[in-house]
Amino acid sequence: KSTTVPNIDGSLNNTEEEDEEDVVDLAANSLLNKLIRQSLVESSHRVEVLQKDPSSPLYSVKTFEELRLKEELLKGIYAMGFNRPSKIQEMALPMMLAHPPQNLIAQSQSGTGKTAAFVLAMLSRVNVLELFPQCLCLAPTYELALQTGRVVERMGKFCVDVQVMYAIRGNRIPRGTDITKQIIIGTPGTVLDWCFKRKLIDLTKIRVFVLDEADVMIDTQGFSDQSIRIQRALSSECQMLLFSATFEDSVWQFAERIIPDPNVIKLRKEELTLNNIRQYYVLCGNRKDKYQALCNIYGGITIGQAIIFCQTRRNAKWLTVEMMQDGHQVSLLSGELTVEQRASIIQRFRDGKEKVLITTNVCARGIDVKQVTIVVNFDLPVNQAQEPDYETYLHRIGRTGRFGKKGLAFNMIEVDKLPLLMKIQDHFNNSIKQLDPEDMDEIE
Ligand code: ADP
């Protein structure tokens, strides 16, 4: 049985049997990223800024003091251990805090400080003497809404009169209640309901509107339209801010529909590369052979930590049992676990409590464990058309150039899958050498 995070409507994404593949759930991945985040993610790129009025001066700040924040807010920021604005915050904060308010579309990968930036903007614009909703933040799931709420609570620790409320399914508010909390964080469906049907929130009084995780948002049926309906009812003085970790055309089109006259800030992601990875493949007859080859590799070279990718849950489970029976310390990460359970497994692995992590596609992206020396594709990543999934291949074994220690990658290939591997080799224009698993000396 599957126990993935329920959607807002209470349904489950994954009810498949165990031999099915784990679908990548954007919202779950985003939450996982937040749960395992340890610090700011750096980027070597420059922040790109596109001002709505190119002739107006462009400010950036190097310290939080320059922002002239309320004393209690500054205290909250320092209490969180922030010393200086992140790269994206240097540019974004002056725009977000400007008078008159300016609209902003900002894109940078997760972990670069977007949430902290808009939480700061909301907290600085709240008037504590007014007891009604003044800031509204839309998030794709209730778990993500709660995460943002926690940041508001931490950063606003010394802003004693500022309060947060969650407009999420299950938070039942009696009819006729007067909402006195200033910051509302919620999912589009429930917010819409609270605004239009139940008239709990007066949208014309909202001063800051935030649409967070726009890429995840548009991936969910109905959320774009609901968000746009909410946005249309805001006053023209309301500041509108949109954030996204990625920026495909679809996100961009949505952003331009929902944010009028925006400034745009972008911080490009550190590119993944296969250049500092030595890639090998081993030809195998069947699953047992693959396992034997894996054992030979294991016996033949000194391995720090390894991640092994399987295409299905069943294969992952089988391999886990085999390895455990042979006395290896392994843990299994697959889509039937809750996001919290996944986070704790990744944390244990990071702490070195297990040497081997076996996983399906649930964690191809995002987890970055620096001490991993080898990655094994026990199955090659393929898409539904049974063509190679190049993106996933890159995410599994690629490293960013800057942090790239040399890595090793092994592909276990059944003979009939060899053409797929050759396509991958051609696609990345990077050689993948055949390895005789009986002879590890080939690995220089
Ligand atoms: P994003 O929303 O882009 O994913 P977050 O705002 O959640 O990024 O920030 C990522 C991590 O970095 C969080 O743990 C957050 O507390 C921390 N962080 C954010 N801004 C700063 C800063 N200026 N200095 C230090 N840490 C920061």
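Bear in mind these aren't lab numbers, they're just calculated from the coordinates by the rules spelled out. Only a predicted model underlies this, so the values are computations on that prediction, with no experimental measurement involved. Heads up, the Cβs are rebuilt from the backbone with ideal geometry, glycines too, and the neighbour counts pull from every protein chain shown.
Between the Cα long axis of helix 26-36 and the first principal axis of the chain there is an angle of about 90°, rounded to the nearest 10. For residue 275 and residue 371, the difference between the fully extended length at 0.36 nm per residue and the C-alpha to C-alpha distance is 32.8 nm.
Computed from the alpha carbon atoms alone, the convex hull of the range 155-292 holds 245 Å³ per residue. Assuming R0 = 41 Å, can you tell me the calculated FRET efficiency for the pair residue 205 and residue 348, based on Cβ-Cβ distance, to the nearest 0.05? Computed FRET efficiency for residue 205 and residue 348: 0.30. With Cα atoms as the point set, the range 209-361 shows a radius of gyration and Dmax of 22.6, 67 Å. As a calculated quantity, the FRET efficiency between residue 387 and residue 38 at R0 = 35 Å, using C-beta atoms, amounts to about 0.45. Give the separation of the Cα centroids, the range 295-359 to the range 181-208, in Å. For the range 295-359 versus the range 181-208, the Cα centre distance is 44 Å. The residue 414 and residue 321 beta-carbon pair, evaluated with R₀ = 22 Å, returns a calculated FRET efficiency of approximately 0.60. Residue separation times 0.36 nm, minus the C-alpha to C-alpha distance between residue 225 and residue 289: what's the value? Here the answer is 17.9 nm.
Remark on the chain: hydrodynamic radius 23.7 angstrom, per the Kirkwood mean of 1/r across alpha carbon pairs. In terms of distances greater than 29 angstrom between alpha carbons, the cross-link table entries 52/181; 62/157; 34/353; 269/406 yield 52/181.
Taking the alpha-carbon distance from residue 417 and a cut-off under 19 Å, which lysines remain once sequence neighbours fewer than 8 residues away in the same chain are dropped? Hits, sequence-local ones excluded: 288, 290, 433. Here 289, 326 are placed in order of increasing Cβ neighbour count within 10 Å, fewest first, which gives 326, 289.
Between residue 80 and residue 146, the modelled label-to-label distance comes to 1.9 nm, taking each label 7 Å out from Cα in the direction of the beta carbon. The sum of -39500 (n - 2.57) across all DSSP H runs of n ≥ 4, divided by the residue count of the chain, sets its helix-only mean residue ellipticity at 222 nm to -9500 deg cm²/dmol.
Modelled label positions at residue 178 and residue 261, each set 7 Å beyond Cα in the direction of Cβ, lie 3.4 nm from each other. Averaging the sequence gap over all C-alpha pairs within less than 8 Å and six or more residues apart, then dividing by the number of residues, gives the chain a relative contact order of 20 percent.
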